[in-house]
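Have a look at the structure below, then the notes.
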Amino acid sequence: MSSTTTSTTHTKKRILLIGGTGAQGQVVVRSIAPGGENSPYSLRILTRDPTNKRVQELYGDDDQVELVKGSFMDFKLVEEYMKGCYGVFVNTDGTVEGPANEVFAGIKLYEMACRVGVKHFIYSSIPYTSKLAGFYTHYDPQHMDTRGRVTDYLRSQPSAKHGPEGLSWTVIQIGLYVENLNDFMAPQILADGTRNFELPLKDGHVFLYGIEDGAYWIRKAFDQKNEYSGVVFDALSEAITGADIAKAYTETTGQKATYTPVDFDAWADSYPRGIADKPISSNDPSGLTWRDNFRMFWNTWADDAILHSAPDLTARRILHPEGCRSVKQWMKSTRYDGTPEPILRLTKQ
């Protein structure tokens, strides 16, 4: 539906999605408004170009979706788009605007939601890695810490729990997608068919999050506002070692898989190809490079620097299996075969 079209679903609760066209956003859209008239929600999706071919293929024919033009940094425009919305879902991309802008934007978007009468503000975050690791510079990945800082700001704000008045906030932490096993964590496929996972992980555990699992919790939070008001919910799917990733693949497919710990710089030189020493933010040419950022990212996992923060998933797997799939369960449900299939904007480019 174009930006000039008036929604015909005025009786539904309208939700503004900031970040509704990326890898996570597309799945969140399907979870909140899966089509037809059964969902209690309609969506207003912010996109830089509503006429973009890919955006139109995704949402152009969906009468539950209204596309509006802009960037999350266009504060006056976004505030107008928030008016009349029951909820706001925020998933920003700091690799475009830079870390300082991403933190500032997260705070401003919350303040605007308060001002215009939004009832539920859900922020898609990532574990605040450097804080959890004691603020050692060895564990300071820029793309994770920016959202963690916004999360800490939200913790300091009131959150309405009952009644129609006031704004409730919820943080859903969704970090490294398990779907990246199709992307920059995809295995090398050897001549005999063996899948060899080559990662700079040593014997550490990496936190993996299923995009669909995260979308399940985002929809649940919108449905149960009071229960999730003022809650920082870690939607972790599994904390897993490289060896156990390979083991899960073999147990799922019956095919041989191995894990090989590799040197970080060797990994960075091969991926992301051609950009390792370029700045992580296109708007901050003197900023941190991809190599330096991901060195700290992999340091965090290889040294188990934040393993202590992983939630106990035992009860969650029993009570909410659709929102907490293990890596093995994800591989089985997606018929994973290790074939590279980029999901991130960066690798697609």
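Among the candidates Asp265, Asp269, Asp277, Asp284, single out the residue that is surrounded by 16 or more Cβ atoms within 10 Å (Cβ to Cβ) and outside the structural domain of Pro127 (by TED's automatic domain parsing).
Criteria check complete, one pass: Asp284.
Hey, any hits in segment 233-251 for a residue that's among the polar types (S, T, N, Q) and not in a helix (DSSP H, G or I)?
yes
Before we move on, is Gly106 free of Cβ contacts under 8 Å to residues at least 24 places away in the same chain and within 28 Å of Glu238 (Cα to Cα)?
The answer is no for Gly106.
For the condition among the small types (Gly, Ala, Ser), touching a residue at least 60 places away in the same chain (Cβ under 8 Å) and out of contact with any Lys or Arg (no Cβ under 9 Å at 6 or more places or on another chain), what is the one hit in Ala221, Ala215?
Ala221 is the lone residue from the list that is among the small types (Gly, Ala, Ser), touching a residue at least 60 places away in the same chain (Cβ under 8 Å) and out of contact with any Lys or Arg (no Cβ under 9 Å at 6 or more places or on another chain).
Any residue in segment 309-334 that's outside the structural domain of Lys220 (by TED's automatic domain parsing) and free of Cβ contacts under 8 Å to residues at least 24 places away in the same chain: show its pairings with residues that are of a type outside the set (Phe, Trp, Tyr) and outside any helix (DSSP H, G or I) at Cβ separation under 8 Å, as long as the two are six or more apart or on different chains.
Close Cβ pairs satisfying both conditions: Arg316/Cys324; Arg317/Cys324; Arg317/Ser326; Ser333/Arg325.
The values are calculated or read from the model by the stated rules, or taken from the named source; none is laboratory data. On a predicted model such as this, the values are computed, not experimentally measured, just so you know. Every residue, glycine among them, receives a Cβ derived from its backbone with ideal geometry; neighbour counts consider all protein chains shown.
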